[in-house]
Amino acid sequence: MFHRLFDWTGTFDPSAWLAVPAALETMAGMHPDGWSGVMAANRRLALAARDLLASRLTVGYPAPDEMIGSMAALPFPTAREGLAQRFRRRKIVVAVPEWPTPGSFVLRVSAQRYNTIEDYERLADALAAD
């Protein structure tokens, strides 16, 4: 029903669907242990990024290590003026949504094979910049 109501684009292009097997194979090839290695490496990087950012922001962890996959969230102390502009100038894309209550913020980072700890160090530097 959903596709019938909302999926009409005027033309049908199945290339994204057809690319999925190649994408899965490519990702699995990015680590000697395949997908399990990719997931483990992403998790290690997410934990390292969380640790680095928590240290720089001097905040605690809202979730234990056992609950972290390839994404981590941290409480963000304040809504700093000009934060979005600083991120944009440094070509950093990161979510800092207002949550769980108005005036409270959460910094969310994801880890993937193309990320390095240096990416999160750049983020930490941008957060500290005045």
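Scanning region 100-122 for residues that are small (G, A, S) and under 11 Å from the mean Cα position of the chain (by Cα), we see that the one that is modelled with the lowest pLDDT is S110. Of the residues that sit in region 115-130 and are of a type in the set (D, E) and outside any loop (DSSP other than H, G, I, E, B), which one is nearest to L53 (Cα to Cα)? Among residues in region 115-130 that are of a type in the set (D, E) and outside any loop (DSSP other than H, G, I, E, B), the one nearest to L53 (Cα to Cα) is E121. Taken over region 57-71, residues that are modelled with pLDDT under 95 and either buried (at least 16 other Cβ atoms within 10 Å of the Cβ) or among the aliphatic types (A, V, I, L, M) (or both) amount to 4. Put simply, of F6, F87, F12 the only residue that is under 30 Å from P102 (Cβ atoms) and either out of contact with any helix residue (DSSP H, G or I) (no Cβ under 6 Å at 6 or more places or on another chain) or touching a residue at least 12 places away in the same chain (Cβ under 8 Å) (or both) is F87.
Only a single criterion out of (1) of a type in the set (D, E, K, R); (2) in contact (Cβ under 8 Å) with a residue 40 or more places away in the chain; (3) farther than 30 Å from W35 by Cα is not satisfied by E121, namely (3).
Could you check region 77-99 and list, in sequence order, the residues that are more than 22 Å from Q112 (Cα to Cα) and modelled with pLDDT under 80? Within region 77-99, P77, T78, A79, R80, E81, G82, L83, A84, Q85, R86, E98, W99 meet the criteria.
Filter region 86-116 down to the residues that are aliphatic (A, V, I, L, M) and surrounded by 14 or more Cβ atoms within 10 Å (Cβ to Cβ) and list them by number. Full working, then the answer.
In the first step, residues of region 86-116 are kept if they are aliphatic (A, V, I, L, M); the result is 92-96, 106-107, 109, 111.
The answer is I92, V94, V96, V106, L107, V109, A111.
The values are calculated or read from the model by the stated rules, or taken from the named source; none is laboratory data. Predicted, not measured: the structure shown is a model, and the values here were computed from it. In this analysis, Cβ positions are derived from the backbone assuming ideal geometry, glycine residues included, and neighbour counts consider all displayed protein chains.
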